[in-house]
Structure formats: C-alpha cells, structure tokens
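This report refers to the structure that appears directly beneath it.
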C-alpha cells in the first residue's frame, strides 16, 4: 500500500483505495522492525515464543493515502475499487510482550517514516530518469 500510494502520488496519479478506506492498518518503519528482530535474536530464553513486532497505532487506509499525498505535494484524487473479500477490517499488533521481554517499541513516527519512504521513491525516480536520458 505505501509503495503504491507513494509512486502514484509522486507521479500525480489518483491514489487507489479498495473499499471505503476506513479499514485500519498499523505501519512500522523498517529500521524499527529490524531493531525489534535484533532484540528478539539477542534475548535469551525466548526460543519458540510468539512476539509481535509492529506499531500499535492504527490509522485508516484513507488517512494514510491522504497523508502521503500531502507529504508528496500532490493534489491527486482518490479512486476507489471493490474491497477484496479477504481484506481485514483491522490490523493492529499487541506489542506488550515485545515491550516487556525485549524492551522494544517502535521509535519512528508515521510522518517521519512516510517522509523517508517518499524521499527514497523520489531518488529512485530521478535515477530512472537519468538512466533513460
């Protein structure tokens, strides 16, 4: 979702949302996930236990799309498609065990993570343009 919205917003294309867009997701920036995995690998006596890593802050897909559009400086519109039958209405991990056992929680807020992601896609688009020239 985030890569698709990012590419669409940077290209000035409509952002495609399936269903109402009121389904929730929680996004965890990759460096936070990696630090959680590292903490998990370094924690003794945790073999075989299930530990959720992620961000416990829920946002609607519509809010995420709109935030990406704003950060990309795009006035693109939202297009809606049919909601897939198996699309969950809510996704949000309980990270209590990760906090207690690993001393871990995500540090990168949504806006910062999206800004970094958009910067990456801007750079990739610039590289592609220069390679094509």
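Every number in this text was worked out from the coordinates using simple rules, so none of it is lab data. Computed from a predicted structure; not experimentally measured. Cβ sites come from the backbone with ideal geometry, for glycine too, and all protein chains shown count toward neighbours.
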How many nm separate the modelled label positions at residue 97 and residue 128, each set 7 Å beyond the Cα in the direction of the Cβ?
3.9 nm
In whole Å, how far is the Cα centre of the stretch 60-90 from that of the stretch 1-37?
8 Å
Compute the acute angle (0 to 90°) between the alpha-carbon long axis of helix 110-132 and the principal axis of greatest extent of the alpha-carbon atoms of the chain; round to the nearest 10°.
50 degrees
Taking R0 as 22 Å and r as the Cβ-Cβ distance between residue 90 and residue 31, the FRET efficiency 1/(1 + (r/R0)^6), rounded to the nearest 0.05, comes to 0.30
For the chain, what is the calculated [θ] at 222 nm in deg cm²/dmol (nearest 500), taking -39500 (n - 2.57) for each run of four or more DSSP H residues and dividing by its residue count?
-14000 deg cm²/dmol
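Quote the convex hull volume per residue of the stretch 2-132, based on C-alpha atoms, as a whole number of Å³.
Details: hull volume 17.5 nm³, N = 131.
Considering the Cα atoms of the stretch 2-132, their hull volume per residue is 134 Å³.
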Can you tell me the orientation of helix 30-42 relative to the chain, as the angle in degrees between its alpha-carbon axis and the longest Cα principal axis, to the nearest 10?
20 degrees
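Is the shape of the stretch 47-89 best called rounded, prolate or oblate, per the rule: a/c under 1.5 gives rounded, else a/b larger than b/c gives prolate, else oblate, with a ≥ b ≥ c the square roots of the Cα gyration tensor eigenvalues?
Oblate is the answer for the stretch 47-89, as a/c is 1.5 or above yet b/c matches or exceeds a/b.
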